[in-house]
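A.B. asks: Have a look at this one.
The values are calculated or read from the model by the stated rules, or taken from the named source; none is laboratory data. What you see is a predicted model; the values in this text were computed from it and never measured. Note that we place each Cβ from the backbone using ideal geometry, even for glycine, and neighbour counts take in every protein chain shown.
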There are 2 protein chains.
Amino acid sequence: MTAPRTPLSDQVDRLDRARIARRLREPLRDERVTLSHGSGGKASHRLIDGMILPTLGTAGLTVEEDSAVLSVTGLATGRVAFTTDSYVVSPLFFPGGDIGSLAVHGTINDLATAGAQPLCLSLAFILEEGLEMSVLRSVVESIGSAATLAGVMIATGDTKVVPRGKADRLFINTSGIGLVAEGVSLSAANIRAGDRVLLSGCVGDHGIAVMLAREALEIEADIRSDSAPLHRMVAAILAAAPATRCFKDPTRGGVATSLNEMARQAGVGIAIDERLVPVHADVRAACEMLGLDPLHIANEGKLIAIVAPDEAARALDAMRSAPAGQDAAIIGEVLEGPEDMVLLKTEAGGSRVLDMLVGDPLPRIC
Amino acid sequence: MTAPRTPLSDQVDRLDRARIARRLREPLRDERVTLSHGSGGKASHRLIDGMILPTLGTAGLTVEEDSAVLSVTGLATGRVAFTTDSYVVSPLFFPGGDIGSLAVHGTINDLATAGAQPLCLSLAFILEEGLEMSVLRSVVESIGSAATLAGVMIATGDTKVVPRGKADRLFINTSGIGLVAEGVSLSAANIRAGDRVLLSGCVGDHGIAVMLAREALEIEADIRSDSAPLHRMVAAILAAAPATRCFKDPTRGGVATSLNEMARQAGVGIAIDERLVPVHADVRAACEMLGLDPLHIANEGKLIAIVAPDEAARALDAMRSAPAGQDAAIIGEVLEGPEDMVLLKTEAGGSRVLDMLVGDPLPRIC
């Protein structure tokens, strides 16, 4: 006697119920992460079913341990965006966020800047033996709440444990997939002379917030990471300015590096005006004290948009209407040349080449 | 004057040419990994464009640094498989493979066991400052060649560097997406009493090979990891035995853990016969010396298939015809009960409960 095959959703439902039952059977009592939690055996199951899945909450309801099969509508266009990022930020918690929310926002933003509606994320931990379980729990809570707020599911996951001294507490990888809607075609190759350069807000907040949290510097400043998801802002801009050329989120290397990448990919010049770049006063002061350029500092919730000149005003309005976009500004424009270069009109009225970040003044910023 | 928009493929082509030009401009000369290689700035570009992309070869031709947009056919069914795994194996190189080939095969296999045709992988490195560039290059070469042989593209990537002492040389995360064909519906929930349990070959090779390489034990043995991609074997089995219930690749925790997971997910009992489980003589001897059960040892190129009784012979033939499937065997069957348990008929003729792996006798095996 063979029961008829059930549709996929029913099967998932059935597996979830079985998993919930197991969770109730085997609660997690360990106070620290041990090598056994990465073995794939009983302790791994207790960690995943007894803590990670219940703590992720609704964002993780459909997590499959090996591979998730997603039944999604809207795939008819056949365009899927795919991205990956590892997060090694130190410290794990900082004003405005933590490694968990960062891992959700950062990967969402890589999908968003490709013009994709984020669909789901994977979540992979590398844990150091001895990590306090309460720390891991806080990070998982933060992941669950960031994903829920962004409307993105955690679909699949992995947990590895390495011996004490072989990692630094915890690292996260999130990969993501998203759907690119019909008609959306973003690429640096679309950039043309005359296009406008838009920036969604103040630069440098994330990098400086993490550095101050890490170094315990004697700088009195109220600086919080700008870590935030950008997919809704991107959707608003694309609705208002459908000829938008491309987006970039200026993370590691900052706005300067992102603009250089775009100039090289498109074979154009980009000129920006330093006076038009919004910077919080505290960030500016910290950068001056530390000899850093805010344009080289990482952001985790800022968007650069290159838009057609006749759509620039509408795109700016859309940016400013989005959460965290109220300081958005048009900071420059695209030139025929010099090719592959970014020019900065300085506050003093002069002009200089703005290079990519060289070296790494702020390691482990994300 | 605005040039007409080109189709996506042309844009990718144009970006690739730009990237190749940059590669030629900025060769990588560093002999060791530095923090700058993870900064997102100039050194990161030199590492990615000057070494990683050219070394990946054809498998990496379309790598996008932030997010890849894939134009794929066959998405009309709307079912995408998505998986992630981090790899922290120690040592990095072992008989039969290395962390790079393992990261390709392991993630392909998680897609394959979901019944998906692997489409592409992401590739994320966490590197320890000071890692020899020659080691990284060997690993990237291995990734490129494993992906090319498997017919899978590397679509997107990320590189982070942490200070010396904060990681162990190098960790990899690969995530993967694949397409599930119309009519394929695999799930432990499909398992029924009477189903047969098939295993594609000898167990324990990977775990013992890695352990011998790591510990430099005085055991004379010619044991190589079985690391291999399983998607072609899966496709052959599905063609021969379309009612196949589900697959699993018995990695961490071994065959015993995988069977226990399936028994619990399906709410059935599974009985296997120890005498029918193929084990290489050298692996058996090493396990006896070390007090380990080969059924708890990790494999990286083995497949468990649960198949309908009337299709078992055809499925076994398909397994045996696939590369690395010549030792395949039917090792047991599914029972109504005892629910959630695996029973082992021992070589001595008795019967005992075969539990999941408890503890972790072989940490960092993948």
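Let's see how each residue does on (1) out of contact with any helix residue (DSSP H, G or I) (no Cβ under 9 Å at 6 or more places or on another chain); (2) charged (D, E, K, R); (3) at pLDDT 90 or above; (4) part of a helix (DSSP H, G or I):
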| position | (1), (2), (3), (4) |
| --- | --- |
| A:Gln11 | no, no, no, yes |
| A:Leu15 | no, no, no, yes |
| A:Arg23 | no, yes, no, yes |
| A:Asp66 | no, yes, no, no |
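A.B. asks: When residues of the range B:312-339 are filtered for being within 14 Å of chain A (Cβ to nearest Cβ) and modelled with pLDDT of 95 or more, how many remain? Don't jump to the end; show me each part of the working.
C.D. replies: Of the range B:312-339, the ones within 14 Å of chain A (Cβ to nearest Cβ) are B:334, B:336, B:339.
From what is left, the residues that are modelled with pLDDT of 95 or more are B:334.
Residues in the range B:312-339 being within 14 Å of chain A (Cβ to nearest Cβ) and modelled with pLDDT of 95 or more: 1 in total.
A.B. asks: Is there a residue being more than 13 Å from chain B (Cβ to nearest Cβ) and closer than 21 Å to B:Thr159 by Cα anywhere in the range A:286-301?
C.D. replies: Within the range A:286-301, one or more residues are more than 13 Å from chain B (Cβ to nearest Cβ) and closer than 21 Å to B:Thr159 by Cα.
A.B. asks: Taking the criterion of being within 30 Å of A:Glu182 (Cβ to Cβ), surrounded by fewer than 20 Cβ atoms within 10 Å (Cβ to Cβ) and in contact (Cβ under 8 Å) with a residue 40 or more places away in the chain, would at least one residue in the range A:209-219 satisfy it? Working first, answer last.
C.D. replies: Looking only at the range A:209-219, we keep the residues that are within 30 Å of A:Glu182 (Cβ to Cβ), and these are none.
No, that holds for no residue.
A.B. asks: So, one more: Which ones in the range B:220-236 are crowded, with 21+ Cβ neighbours inside 10 Å and assigned to a loop (DSSP other than H, G, I, E, B)?
C.D. replies: From the range B:220-236, those crowded, with 21+ Cβ neighbours inside 10 Å are B:223, B:225-231, B:233-234; that's our starting set.
Answer for the range B:220-236, where residues must be crowded, with 21+ Cβ neighbours inside 10 Å and assigned to a loop (DSSP other than H, G, I, E, B): B:Ile223, B:Ser225, B:Asp226, B:Ser227, B:Ala228, B:Pro229, B:Leu230.
A.B. asks: Another question, if that's okay. Just to be sure before I move on: is A:Met356 modelled with pLDDT under 95, of a type in the set (A, V, I, L, M) and over 30 Å from A:Ile172 (Cβ atoms) in the structure I sent?
C.D. replies: On the way: modelled with pLDDT under 95: yes; of a type in the set (A, V, I, L, M): yes; over 30 Å from A:Ile172 (Cβ atoms): no.
Spelling it out, it is not the case that A:Met356 is modelled with pLDDT under 95, of a type in the set (A, V, I, L, M) and over 30 Å from A:Ile172 (Cβ atoms).
A.B. asks: Let me ask another. What is the residue count in the range A:126-167 for residues that are assigned to a loop (DSSP other than H, G, I, E, B), buried (at least 20 other Cβ atoms within 10 Å of the Cβ) and touching a residue at least 60 places away in the same chain (Cβ under 8 Å)?
C.D. replies: Residues that pass the stated criteria total 2.
A.B. asks: Mind counting the residues in the range B:102-125 that are more than 8 Å from every other protein chain (Cβ to nearest Cβ) and surrounded by 24 or more Cβ atoms within 10 Å (Cβ to Cβ)? Before you say what the answer is, go through the steps one by one.
C.D. replies: Of the range B:102-125, the ones more than 8 Å from every other protein chain (Cβ to nearest Cβ) are B:102-109, B:112, B:117-119, B:121.
When the remaining residues are screened for being surrounded by 24 or more Cβ atoms within 10 Å (Cβ to Cβ), the result is B:102-109, B:112, B:118, B:121.
Looking only at that region, the number is 11.
A.B. asks: Considering only residues that are in contact with a Lys or Arg (Cβ under 9 Å, 6 or more places away or on another chain) and more than 7 Å from every other protein chain (Cβ to nearest Cβ), look in the range B:191-201 and name the one that is surrounded by the fewest Cβ atoms within 10 Å (Cβ to Cβ). Write out each step before concluding.
C.D. replies: As a first pass, look at the range B:191-201 and keep what is in contact with a Lys or Arg (Cβ under 9 Å, 6 or more places away or on another chain): B:191-192, B:195, B:199-201.
Among the residues that remain, those that are also more than 7 Å from every other protein chain (Cβ to nearest Cβ) are: B:191, B:195, B:199-201.
On the way: B:Ile191: 21, B:Asp195: 27, B:Leu199: 28, B:Ser200: 31, B:Gly201: 24.
For the range B:191-201, the residue satisfying everything is B:Ile191.
A.B. asks: For residues that are surrounded by fewer than 22 Cβ atoms within 10 Å (Cβ to Cβ) and within 8 Å of chain B (Cβ to nearest Cβ), scanning just the range A:35-63, find the one that is modelled with the lowest pLDDT.
C.D. replies: A:Lys42
A.B. asks: Now for a separate question. In the range B:82-101, which residue that is out of contact with any Phe, Trp or Tyr (no Cβ under 7 Å at 6 or more places or on another chain) and in a strand (DSSP E or B) is surrounded by the most Cβ atoms within 10 Å (Cβ to Cβ)?
C.D. replies: Let us first name the residues in the range B:82-101 that are out of contact with any Phe, Trp or Tyr (no Cβ under 7 Å at 6 or more places or on another chain), namely B:82-85, B:89-98, B:100-101.
Then keep just the ones that are in a strand (DSSP E or B); that gives B:82-85, B:93-94, B:97-98.
On the way: B:Phe82: 27, B:Thr83: 34, B:Thr84: 27, B:Asp85: 27, B:Phe93: 16, B:Phe94: 23, B:Gly97: 25, B:Asp98: 23.
The extreme case among them is B:Thr83.
A.B. asks: Could we say that A:Arg252 is of a type in the set (Lys, Arg) and touching a residue at least 40 places away in the same chain (Cβ under 8 Å) here? Break it down into steps so the answer makes sense when it comes.
C.D. replies: Values: of a type in the set (Lys, Arg): yes; touching a residue at least 40 places away in the same chain (Cβ under 8 Å): yes.
For A:Arg252, the condition - of a type in the set (Lys, Arg) and touching a residue at least 40 places away in the same chain (Cβ under 8 Å) - is met.
A.B. asks: Enumerate the strands (runs of 3 or more DSSP E) found wholly within the range A:264-366, keeping only those where 1 or more residues are over 25 Å from the mean Cα position of the chain (by Cα).
C.D. replies: Numbers: elements: A:269-273, A:304-307, A:329-335, A:341-345, A:351-353.
Those strands (runs of 3 or more DSSP E) span A:269-273, A:329-335, A:341-345, A:351-353.
A.B. asks: Here are some conditions: (1) over 30 Å from B:Ala312 (Cα atoms); (2) touching a Pro at 6+ places or on another chain (Cβ under 7 Å). B:Arg196 meets all but one. Which one does it not meet?
C.D. replies: For B:Arg196, the failing item is (1).
A.B. asks: Moving to a separate point now. Do we find a residue being within 14 Å of chain B (Cβ to nearest Cβ), surrounded by fewer than 20 Cβ atoms within 10 Å (Cβ to Cβ), closer than 22 Å to A:Cys366 by Cα and in contact with a Pro (Cβ under 9 Å, 6 or more places away or on another chain) anywhere in the range A:177-190?
C.D. replies: No, that holds for no residue.
A.B. asks: If you don't mind, there's one more thing I want to ask. Answer with yes or no whether B:Glu311 is in contact (Cβ under 8 Å) with a residue 12 or more places away in the chain, closer than 23 Å to B:Arg264 by Cβ and acidic (Asp, Glu).
C.D. replies: On the way: in contact (Cβ under 8 Å) with a residue 12 or more places away in the chain: yes; closer than 23 Å to B:Arg264 by Cβ: no; acidic (Asp, Glu): yes.
Answer is no for this residue.
A.B. asks: If you go through the range A:237-263, how many residues are assigned to a loop (DSSP other than H, G, I, E, B) and either within 14 Å of another protein chain (Cβ to nearest Cβ) or at positive phi (or both)?
C.D. replies: Quick first cut of the range A:237-263, residues assigned to a loop (DSSP other than H, G, I, E, B) only: A:241-245, A:249-253.
Narrowing further to those that are either within 14 Å of another protein chain (Cβ to nearest Cβ) or at positive phi (or both): A:242-245, A:249-253.
The total comes to 9.
A.B. asks: Determine whether A:Thr174 is surrounded by 24 or more Cβ atoms within 10 Å (Cβ to Cβ), outside any helix (DSSP H, G or I) and either of a type outside the set (Lys, Arg) or at pLDDT below 95 (or both). Let's see the steps before the verdict.
C.D. replies: On the way: surrounded by 24 or more Cβ atoms within 10 Å (Cβ to Cβ): yes; outside any helix (DSSP H, G or I): yes; either of a type outside the set (Lys, Arg) or at pLDDT below 95 (or both): yes.
Yes.
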